[in-house]
Amino acid sequence: MSKHFTRELVAEHAAIHAAPKVRHEVDRSFELPKGLYVATVAFYLGFLAVMAAGLSTPGLIFPMAIFTLFIVAGFGLPALWTRITPDHKGRNMSWARLASQGIATHTGRVSARDAAVQVLILPALVFCWGVTTVIIAALV
């Protein structure tokens, strides 16, 4: 069944080794090419530019400046976060590698075109929504 071992008996027969120093590898890259992130920021800032130009009133200066700061901070801080220590070997994927290998998603591997569509669909729709809103406001 069970047998009681004293601490001394265990210490006699045990081989005790120092704990291994495990270095945790940190990958802070977001994998996709930087161009997709730049395009996302461009669409969001383009939306604000279209809205500011099309619906320009003095009362919207501060909200537009605040929204611009939020977008810059929302994408700028993660970009800075990828460069902080500890140094890591992970880098953003190149366009060539994305085109040749695609990227693994939760639902499976997708091609570069499909990945770009998934990343840029919402910012593009937001930008188009802004253009449509300004056109409607100009016509009414």
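The values are calculated or read from the model by the stated rules, or taken from the named source; none is laboratory data. Just so we're clear, the structure is a prediction, and the values are computed from it rather than from any experiment. Ligands, DNA and RNA are excluded from the accessible area calculation, which covers all protein heavy atoms including side chains. Shrake-Rupley method; radii C 1.70, N 1.55, O 1.52, S 1.80 Å.
Name the residues whose placed amide hydrogens come within less than 5 Å of the amide hydrogen of Met93, ignoring near sequence neighbours (fewer than 5 apart) on the same chain.
Amide H neighbours of Met93, under 5 Å, 5+ apart: Glu31, Leu32.
Is the C-alpha gyration tensor of region 58-140 telling us rounded, prolate or oblate? Criteria: a/c under 1.5 is rounded; beyond that, a/b larger than b/c is prolate, otherwise oblate.
oblate
For the chain, modelled as a GNM with alpha-carbon contacts under 10 angstrom, which of Pro63, Pro78, Pro33 fluctuates the most?
Pro63
Whole-Hz ³J(HN,Hα) for each residue in region 129-140, computed from phi via Karplus 6.51 cos²θ - 1.76 cosθ + 1.60 with θ = phi - 60°, x for glycine and proline: what do you get?
4, x, 4, 4, 5, 5, 5, 4, 5, 6, 7, 8
Using Cα Rg over 2.2 N^0.38 Å as the read-out, say which of (i) 1.83; (ii) 1.10; (iii) 1.05 was calculated from these coordinates.
Matching entry in (i) 1.83; (ii) 1.10; (iii) 1.05: (i).
Can you work out ³J(HN,Hα) from phi for every residue in region 38-47, in order, using Karplus 6.51 cos²θ - 1.76 cosθ + 1.60 and θ = phi - 60°, giving whole Hz and x for Gly and Pro?
5, 5, 4, 5, 4, 5, 5, 5, x, 4
Between Ile71, Ile16, Ile121, find the one with the highest GNM mean-square fluctuation for the chain; connect C-alpha pairs within less than 10 Å.
Ile16
At 1.4 Å probe radius, can you tell me the per residue accessible area of the chain in Å²?
For the chain, the per-residue accessible area is 78 Å².
Anyone know which of Arg113, Arg23, Arg97 comes out most mobile in the 10 Å Cα GNM of the chain?
Most flexible of the set in this elastic network: Arg23.
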